[in-house]
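*Asks:* Pasting a structure here, questions to come.
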Amino acid sequence: MMIQILLLNGIHYGKLVRKNPRKTKHIFQTRGMEDMSTPYHTVLTIAGSDSGGCAGIQADIKSISANGGYAASVITATTAQNTQGITDIHPIPVAHIIKQMEAVLEDIDFAAVKIGMLHSSEVIEAVKSTLTRYNIINIVLDPVMIATSGDNLINDNAIESLKLFLPNVTLITPNIPEAELLIGHSINLKNMEASAKELAEKYHTSVLLKGGHLEFSDEMTDILYNFESKQSTTIHNKAINSINTHGTGCSLSSSIATYLSLGFSLEDATLKGCNYLNVAIEKGKDKTLGKGHGPVNHFGLA
């Protein structure tokens, strides 16, 4: 038997034991390496897939990665989609969605979860019950019902189930049309703060009400209402005139989830997420992809 020991900087990293030419066994020693181990800041995204890469799972993974997290995913549906719109939606069977969730949740400790498109009552209930079973915290839910193109992404029967799910999450991030569906009345800049509070109190969760659908001005206004502290925060960013806004909601909610996974408070995570998205829109406004609404520049490339 021949033994070879690999030394690097005085540390025993491994040992090769050769009993015969047909059998080779590797034995790795962890002594001296334990203090070098650093866990990832993990974020699970549960959402639909966008074949064009601008929104959905694809945007989530880019956003989580760009903000310093490690992304894992559970796909709820695939879409035939590009920058001009959606031509088909293929739901993933509920049993397989549960299997995806169980596979990652049994193996990986997630510091935050971002939820996007849940297209049916059955999917909503499956996601809700599975997350409850694993005692998941820091859940950011983007109530995806209407795409940037105007296409409906959720069936009518699922809306009521989604409303019942909202009290189980940490933060919801509706845009104005989605918030109006949830609250039952129109929203404008004057009643925006009151509407965010009304949504939070109605659904017992914190709310980031996004003002991107309001009349264009030089300033973008978002309202965060923290349900726990009962405090409102108004967030102002420079408005950017760009057609490349496909997937902004996905990118924002997943970046906020990432900052929660990094240990930031809800207010700080939201402020950082909004700032990240604003930079990504600015860096992507002069980019070209496809013939319609392109994506933001997730990695801020020149």
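The values are calculated or read from the model by the stated rules, or taken from the named source; none is laboratory data. Not measured: the values here are computed from a predicted model. Here the Cβ is made from the backbone with ideal geometry for all residues, glycine too, and neighbour counts use every protein chain on show.
*Asks:* Looking at (1) over 24 Å from Asp222 (Cβ atoms); (2) at pLDDT 95 or above; (3) not in a loop (DSSP other than H, G, I, E, B), which one does Val140 not meet, given that it meets all the others?
*Replies:* (1)
*Asks:* What do you reckon, is Ala200 among the hydrophobic types (A, V, I, L, M, F, W, C) and free of Cβ contacts under 8 Å to residues at least 12 places away in the same chain?
*Replies:* Criteria not met by Ala200.
*Asks:* Still on this structure, please answer the following. Of all the strands (runs of 3 or more DSSP E) wholly in region 40-102, which have at least 2 residues that are within 10 Å of the chain's Cα centre (by Cα) and either of a type in the set (Val, Ile, Thr) or modelled with pLDDT of 95 or more (or both)?
*Replies:* 42-50, 70-82
*Asks:* How about region 44-91: which of its residues are surrounded by fewer than 24 Cβ atoms within 10 Å (Cβ to Cβ) and of a type in the set (Asp, Glu)?
*Replies:* The answer is Asp88, and nothing else.
*Asks:* When you check Thr87 against the structure, is it farther than 19 Å from Ser120 by Cβ, in contact with a Cys (Cβ under 8 Å, 6 or more places away or on another chain) and assigned by TED's automatic domain parsing to the domain that holds Ala126, yes or no?
*Replies:* Spelling it out, it is not the case that Thr87 is farther than 19 Å from Ser120 by Cβ, in contact with a Cys (Cβ under 8 Å, 6 or more places away or on another chain) and assigned by TED's automatic domain parsing to the domain that holds Ala126.
*Asks:* Criterion first (modelled with pLDDT under 95, of a type outside the set (Val, Ile, Thr) and under 26 Å from Asn168 (Cα atoms)) does Gly263 satisfy it?
*Replies:* Spelling it out, it is not the case that Gly263 is modelled with pLDDT under 95, of a type outside the set (Val, Ile, Thr) and under 26 Å from Asn168 (Cα atoms).
*Asks:* I need the strands (runs of 3 or more DSSP E) fully contained in region 186-246, keeping only those with at least 2 residues that are surrounded by fewer than 16 Cβ atoms within 10 Å (Cβ to Cβ).
*Replies:* It comes to 231-238.
*Asks:* Continuing with the same structure: Among the residues of region 103-126, what is the count of those that are part of a helix (DSSP H, G or I), out of contact with any strand residue (DSSP E or B) (no Cβ under 6 Å at 6 or more places or on another chain) and touching a residue at least 60 places away in the same chain (Cβ under 8 Å)?
*Replies:* Adding up the residues that qualify gives 1.
*Asks:* How many residues does region 280-302 hold that are farther than 16 Å from Asp60 by Cα, assigned to a helix (DSSP H, G or I) and not small (Gly, Ala, Ser)?
*Replies:* 2
*Asks:* Could you tell me which of the residues Thr132, Thr173 is surrounded by fewer than 22 Cβ atoms within 10 Å (Cβ to Cβ), in contact (Cβ under 8 Å) with a residue 24 or more places away in the chain and of a type outside the set (Asp, Glu)?
*Replies:* Just a single option satisfies the conditions, and that option is Thr132.
*Asks:* Of a type in the set (Lys, Arg), closer than 22 Å to Gly69 by Cα and out of contact with any Lys or Arg (no Cβ under 6 Å at 6 or more places or on another chain): does that describe Lys283?
*Replies:* yes
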